[in-house]
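First up is the structure itself, then whatever we jot down about it.
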Amino acid sequence: MKALVYHGPGRKSFEDKPQPVIQQPTDAIVRITKTTICGTDLHILKGDVPEVTDGRILGHEGVGIIEETGASVANFKKGDHVLISCITSCGKCEYCRKGMYSHCEDGGWVLGHLIDGTQAEYVRIPHADTSLYRIPAGADEEALVMLSDILPTGYECGVLNGKVSPGSTIAIVGAGPIGLAALLTARFYSPAKIIMIDLDENRLQVALKFGATHTINSSKEPALGTLLEMTGNRGVDTAIEAVGIPSTFELCEAIISPGGCIANVGVHGKPATLHLQELWAKNITITTRLVDTVTTPLLLKTVMSEKLDPALLITHRFRLTDILQAYETFSHAEKEKSLKVILNND
Ligand SMILES: [Zn+2]
Ligand SMILES: [Zn+2]
């Protein structure tokens, strides 16, 4: 089969790999019909994730059709349409029993990381019964690719941890796919103000279409001063950090109002300064989290009932065989005006 293979920092190729086979009775083999590229894949290619070794097939998102199941898989059979969760969970360990699938002792984020991933014609999914979701008949499968990772990530790590509530004022720092996913799901709770902050004017325009009430282009105006002006010097009840660099996290510390929540979503590679001398008396909460994908069933229902349209995040479509070109488009987001790219293999 064909697959996108990582060969160390800065090196990847689309090449022939052996088709995956069942290794454990709990495995399923899925024929990928649609997959996508994540910002995390770009981090891996930069060399930021050293656990990913030469020869690894990348990708942790996608939908497909069950090709084969191991002897103990009970919930799925050959031919079923399934959504692949970016988080693999055994359903039995102590963390899984707490609903913290991201820390599963025999899973968590393994696809396209510690085991071969979804940017291929076929993928092996361990613990298939608890790591796959059945796709309802008539669903827009392209839209559901957004539910493998970015929608549950924006919702769980940003909106739920940030305690977004009706009438509140929220700021989302970073209007990439994850920040926009947080925006789409924050709207479930009818916040009064949603302020998006980014450097890329196109992404801010997209945010306005998705329901942001205010935008700040931090390449043109000082984010802190403008935000304080917009909020009558109060700051925000929820600050969602969706970038992953020290300056954006520290901006969240500066704009949080007393009693507020800073919900970190960004993947950080460097320390950020905690300004405790400003924050110690402000009754604030700072949260961090990996996505557990516990909200995937809920999000699936909101998509099916048309309360949420994650297909809005898709800007480009390619054949899986053109994945190298898709990486170019995805990695030059500002120039290409790209958000999520879909790779078709059906
Ligand atoms: Zn991802
Ligand atoms: Zn587990």
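Each reported figure results from applying straightforward, stated rules to the coordinates on display, with no laboratory input. Keep in mind that this is a model prediction, so the values were computed, not measured. Please note: Cβ atoms are built from the backbone with ideal geometry, for glycine as well, and neighbour counts cover all protein chains shown.
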Checklist entry - In this model, which of Lys12/Lys335; Lys2/Lys340; Lys270/Lys335 are farther than 30 Å apart at the alpha-carbon? => result none
Next on the checklist: How large is the Kirkwood hydrodynamic radius of region 152-287, counting all unique pairs of alpha carbons, in Å?
Outcome noted: 14.2 Å
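Please sort 166-172, 242-248 by packing, taking for each peptide the average over its residues of neighbouring beta carbons within 10 angstrom, highest first.
166-172, 242-248
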Checklist outcome for this item: In Å, the C-alpha Rg and Dmax of region 1-139 are 14.5, 41
Item to check | If the convex hull is drawn through the Cα atoms of the chain, its volume per residue in Å³ | outcome: 128 Å³
Checklist entry - If one computes the Cα centroid of region 305-346 and of region 1-41, what distance in Å separates the two points? => result 18 Å
Item to check | Per-peptide average of other Cβ atoms within 10 Å, ordering 181-191, 151-161, 274-284 highest first | outcome: 151-161, 181-191, 274-284
Item to check | Interatomic Cα distance distribution for region 267-346, bins of 5 angstrom, percent | outcome: 3, 10, 12, 11, 14, 17, 13, 10, 6, 3, 1, 0
Checklist entry - So what is log10(I(q)/I(0)) for region 254-302 at q = 0.13, 0.28, 0.33 1/Å, when the Debye sum runs over its Cα atoms only? => result -0.47, -1.11, -1.27
Checklist entry - Given the chain, what percent of its DSSP beta bridges are antiparallel, to the nearest 5? => result 50 percent
Next on the checklist: Let me check I've understood the local charge: for Gly10, count other residues with C-beta under 15 angstrom from its C-beta, Lys and Arg +1, Asp and Glu -1. What total comes out?
Outcome noted: 0
